[in-house]
Amino acid sequence: MDSGWYLGRGISSPSKKELPGLICPAFPGRTPQGGRKRRGLSAISISTFVAFVCLWICCFVLLSCDIGQNFQTKQPQEQLTLVTWNLQALFDGSETGTEYADYRHSKGWTPEKYLERISQIQEALAGWLPQGPDILALEEIENKEILEALNGCFKEKAYPYAVFSKNADAALGIGVLSRYRIIDQRSHFGYRQGGEGQRPILELMLDTGKEPLVVFVCHWKSKKGKDDTERFRRDSAAIIQRRIRELLGTIDNHGLIQSPAAGTVKNKEDTGLKQGYPQENQNRESEAIAGRRDDPSLGAILVVGDLNENYDEFERQGKTRITALLPTTEEAGRLVQLQQRKKERRSSFNLRGGDYPLEGPSLKGPGEAPPFFWPEDVLLLRDSFQISQDETLRGLTFYSPWQESPFAGSYWYKEAWETIDHVLLHSSLGDGKGWEFASFGVAQQAPFVNEEGYPVVYNPRTGTGVSDHLPLLVVLKYVE
């Protein structure tokens with residue numbers, strides 16, 4: 001497939017460096033020393049006139065390029081681009097003891113390999129999106145210093161805002177580079193009964209100059225291992241669902257934001273951020289969002305990152321278990337009803353304020369008494385981009401672009417494509433106003449993929465490759 005399908009091309013004008021050489025002829029009548037032959041106006045030749053027109057066109061083109069380049073970073077945009085990418089264990093060159101075995105000095109990992117990899121990542125992104133995305137969400141990075149190093153590679157296109165978060169004892173975390181001012185940031189942590197911790201969920205509210213955008217950046221629990229890990233992904237889904245309902249005003253706060261027991265942290269020290277890192281976080285809820293609590297259909301919200309779960313995981317699991325990403329289909333609803341009849345707990349997750357189930361559509365059948373309740377620890381996926389007309393689900397469903405995408409996946413595992421990397425579009429992105437979904441793409445060009453079209457996995461021993469995940473791109477457009 002043509003790598004240009006991603007629609008990133010043409011969003012802004014090319015810079016001067018990307019233009020072919022433009023050489024305007026010198027004005028006739030000038031001596032090599034810069035002197036001017038005296039000529040009357042009537043003596044101007046046709047060649048002089050042509051040269052003047054050529055120079056005027058060249059200057060106009062170059063001036064237009066400057067305007068296009070500055071528009072992306074200094075003026076409100078009608079389009080917004082976001083890339084999410086799992087960088088496959090991006091460790092720096094120092095050793096602290098939490099690194100994976102292949103990234104220790106004894107295994108040949110060096111500061112030189114680290115710096116070379118940083119440069120390779122930036123070059124790969126620049127080859128795909130020459131202007132860079134407006135928002136870059138990254139998973140599996142070791143620390144904020146890596147964000148700083150990667151940002152430095154963008155040089156004049158560097159990002160002014162950045163955030164990083166991870167658990168204190170974790171090897172890797174998540175981070176964001178943004179051209180938009182971060183007006184609120186929160187790291188959400190969850191703890192199961194028994195003290196087992198969750199990976200953080202980074203919530204950002206961005207000032208886009210138009211409608212605020214809320215982005216949840218995630219790296220959910222992997223499916224690897226013998227234990228059943230679905231419960232951890234459902235725990236993460238519960239945090240997001242509850243937080244969105246708070247933002248949209250469908251439930252009261254009940255102390256979740258302020259309560260450490262609920263696993264939400266707001267200050268920089270608790271998220272691993274250090275003083276002095278460039279950001280202008282006011283740690284406050286935007287008045288624009290707060291003022292829309294009375295209308296759950298409003299709000300610009302994205303959930304992005306490596307969720308370690310396919311968009312069609314429910315079908316892949318034989319429709320026999322409730323998955324963290326759950327379709328709002330009749331089959332899924334009947335399974336929910338069945339489990340509720342068995343009085344199974346939907347989650348043992350420690351959230352203050354009790355259980356707030358989602359009312360779902362009635363499913364009528366022999367011996368069934370509607371209504372039933374959708375679980376509060378899943379993210380509900382509708383089967384089309386059209387917003388549900390069911391009032392009980394308004395503002396509480398997502399759409400996955402994978403459902404109607406020509407791309408097979410972003411991760412190749414056991415000889416099959418998986419769609420575990422996500423850009424989930426909240427129902428607010430399809431209501432016909434504000435930020436709206438425009439397009440979705442996956443990097444399918446070198447150096448991200450090999451000749452067969454599979455991800456070029458990074459090899460820390462040889463220093464070759466990029467990542468075992470392909471980056472995703474989403475383009476939003478603004479509708480008045």
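Can you give me the long-range amide H partners of T397? Hydrogens built in the peptide plane at 1.01 Å from N, cutoff under 5 Å, separation of 5 or more residues or another chain.
The answer is S427.
Per residue of the stretch 436-446, in order, report the coupling 6.51 cos²θ - 1.76 cosθ + 1.60 (Karplus, θ = phi - 60°) as ³J(HN,Hα) in whole Hz, putting x for Gly and Pro.
Using θ = phi - 60°, the values come out as 10, 5, 10, 7, 9, x, 10, 5, 10, 10, 5 Hz.
For the stretch 383-480, rounded, prolate or oblate, judged on the Cα gyration tensor with a ≥ b ≥ c (square roots of eigenvalues), a/c < 1.5 rounded, else prolate if a/b > b/c?
Prolate shape, in that a/c is at least 1.5 and a/b is the bigger ratio.
What does the highest-first list of 466-479, 447-460, 97-110 look like by mean Cβ count within 10 Å?
Numbers: 466-479: 22.1, 447-460: 15.5, 97-110: 13.4.
Listed from highest to lowest mean packing, they are 466-479, 447-460, 97-110.
Under 5 Å between amide hydrogens, which residues at least 5 positions from G190 or on another chain qualify, with H placed 1.01 Å from N in the peptide plane?
Here the answer is Q198, since their amide H atoms fall under 5 Å of that of G190.
Please count, across the stretch 71-178, the pairs of lysine residues with Cα atoms under 21 Å apart that sit 8 or more places apart or on different chains. Please report the intermediate quantities before stating the final value.
Values: K74/K155; K74/K157; K113/K144; K113/K155; K144/K155; K144/K157; K144/K166.
Count of close lysine pairs: 7.
If packing is taken as the average number of other Cβ atoms within 10 Å across a peptide's residues, how do 135-144, 435-444 rank, most packed first?
The packing order, highest mean first, is 135-144, 435-444.
With 19 Å as the limit, write out which pairs from K221/K319; K221/K342; K210/K477 have Cα-Cα distances beyond it, or answer none.
From K221/K319; K221/K342; K210/K477, over 19 Å: K221/K319; K221/K342.
Any read-out appearing in this document is the output of simple, stated calculations on the displayed coordinates, not a laboratory observation. What you are looking at is a predicted structure, and each value in this text was computed from that prediction instead of being measured. Reconstructed Cβ throughout: ideal geometry from the backbone, glycine too, with neighbour counts over all protein chains shown.
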